[in-house]
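Colleague: First the structure, which I've put down as structure tokens, then a few questions once you've had a look.
The values are calculated or read from the model by the stated rules, or taken from the named source; none is laboratory data. These figures come from a predicted structure and were not determined experimentally. Here the Cβ positions follow ideal geometry from the backbone for every residue, glycine too, while neighbour counts run over all protein chains shown.
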Amino acid sequence: MKMIIVIIKDNDAENVTRALTNGEFRVTRIASTGGFLRRGVVTLLIGVNDERVEAAIDVVRETTSSPDETEKRATVFVVPVAKFIQV
């Protein structure tokens, strides 16, 4: 299992969250600030099985695509989950 952490601009958050949930990914959305100008960003936490990691990243990539290919719209971290329980 992996935890995907996605940091995106707040104006992209609704479309990305909707696309992920439509793709049957479970998403936790956290509002945050960051960057040089302290602009609003959103951090998404997505827990997925190993075989679905690339599919989730593809959804983020497709949803945040920009006509300007040099503009980076998302930062993505994929980290292993040592243990997962629900209580």
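Colleague: Can you tell me how many residues in segment 1-41 are among the aliphatic types (A, V, I, L, M), within 17 Å of S65 (Cβ to Cβ) and modelled with pLDDT of 95 or more?
Modeller: Total meeting the criteria: 4.
Colleague: Out of I57, I85, I46, which single residue is at pLDDT below 95 and hydrophobic (A, V, I, L, M, F, W, C)?
Modeller: I85
Colleague: Sticking with this structure for a sec: Does segment 45-52 contain at least one residue that is at positive phi and either surrounded by fewer than 16 Cβ atoms within 10 Å (Cβ to Cβ) or in a helix (DSSP H, G or I) (or both)?
Modeller: No - not one qualifying residue is present in segment 45-52.
Colleague: Anything in segment 63-82 that is outside any strand (DSSP E or B), at pLDDT 90 or above and surrounded by 10 or more Cβ atoms within 10 Å (Cβ to Cβ)? List them, or say none.
Modeller: Once the filter is applied, which keeps residues that are outside any strand (DSSP E or B), at pLDDT 90 or above and surrounded by 10 or more Cβ atoms within 10 Å (Cβ to Cβ), segment 63-82 yields T63, V81.
Colleague: Let me ask another. Among the listed residues T33, T17, which satisfies the condition of being part of a helix (DSSP H, G or I) and more than 22 Å from I85 (Cα to Cα)?
Modeller: Step by step, each of T33, T17 is checked, and only T17 is part of a helix (DSSP H, G or I) and more than 22 Å from I85 (Cα to Cα).
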